Amino acid sequence: MRDEQPNVARMWDYHLGGDRAGNADRRLADAVTAVCPELPLAARANRAFLGRVVRHLHGLGVRQFLDLGAGLPTDRNTHELVCGSRVVYVDIDPLAVLHNRIGVVGNPHATVVHADLRDPELVLRHRDVRHYIDFDRPVAVLALAVYHLVPDVEEPAAGVAAIYDHVPPGSYLALSHGSADDAPERAARVTDLYAGAGIPLRPRSRAEITTLFDRFTPVGPGLVAVDRWQPSASPGGAVTAGWYGGLGRKTG
Ligand SMILES: C[S@@+](CC[C@H](N)C(=O)[O-])C[C@H]1O[C@@H](n2cnc3c(N)ncnc32)[C@H](O)[C@@H]1O
């Protein structure tokens, strides 16, 4: 089974240098990397964005994190970046859920929920989410490198709207998303490769991704290439031109 059907969680792990991919995952990941050679670098830049944004939020006093589409655990996972904070990982993939559960064993502040973020009400009202996250206090919702795996035009907007309505003022949404803006032909080839493996992919334009933050107040530089979001050092070349990231705050 593991070698028959490529899987985005394991492919992402492979791009990040992990060892949990099977043959089919590696084949598709290699085919995609042949089209977009910068993808492994972009995956790492996306993780670095996660690290910066989570530390920034912790510095602002946020102590609750809901990590949607968390992926297979890799080094410096959210709960390791903000020790003592409440962290709930959510993923649709059973293997990602299993590995994250192993990663948080014995940690009273972190848990893992197996759920589909396309059903935001189910996620937000999930017993374990409500047990760990106090929705009367600010919470940071993280949706990194996941909404481009939701092809439906309406669902991402409906998802972030449900999040906005559910969280109290002072809460945050951090989001990163693949885009076709800089290289539409390459993005179309990647989308076709994914489609051939039964994996839906929907890169969105910067304008489309911006609308996901509609009701949130931008924090920092706004929606930018992920390695341009408050980099600790000059980011140099635009390795992540096709990857946007941003942070928004619910103010009202
Ligand atoms: C590309 S990985 C990103 C992982 C991590 N957020 C990161 O930025 O490194 C996408 C993850 O989202 C998960 N995913 C995809 N669709 C999902 C859905 N509808 N609900 C929950 N998780 C989903 C996949 O299983 C995978 O683990």
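The values are calculated or read from the model by the stated rules, or taken from the named source; none is laboratory data. Remember, predicted model here, so these are calculated numbers, not experimental data. Cβ sites come from the backbone with ideal geometry, for glycine too, and all protein chains shown count toward neighbours.
Tabulated results
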quantity: Single condition Ala157 does not satisfy, out of (1) in contact with a Ser or Thr (Cβ under 9 Å, 6 or more places away or on another chain); (2) hydrophobic (A, V, I, L, M, F, W, C); (3) surrounded by 16 or more Cβ atoms within 10 Å (Cβ to Cβ); calculated: (3)
quantity: Of the criteria (1) modelled with pLDDT under 95; (2) away from the ligand (no atom under 13 Å from the Cβ); (3) buried (at least 17 other Cβ atoms within 10 Å of the Cβ), which one Glu4 fails; calculated: (3)
quantity: Filter result for the condition that a residue is charged (D, E, K, R) and modelled with pLDDT of 95 or more, over Arg76, Arg101; calculated: Arg101
quantity: Candidate set: region 144-201, residues that are among the acidic types (Asp, Glu) and under 25 Å from Val123 (Cα atoms); chosen: the one nearest to the ligand (Cβ to nearest atom); calculated: Glu155
quantity: Inter-residue pairs, beta-carbon under 6 Å, first under 14 Å from Val129 (Cβ atoms) and in region 97-113, second at pLDDT 95 or above and surrounded by fewer than 18 Cβ atoms within 10 Å (Cβ to Cβ), 6+ apart; calculated: Val97/His114; Thr111/Asp128; Val112/Arg101; Val113/Asp128
quantity: Unique match (being closer than 30 Å to Gly59 by Cα and hydrophobic (A, V, I, L, M, F, W, C)) among Leu142, Leu201; calculated: Leu142
quantity: Residues that are in a strand (DSSP E or B), over 19 Å from Ile163 (Cα atoms) and β-branched (Val, Ile, Thr), drawn from region 211-226; calculated: Val224
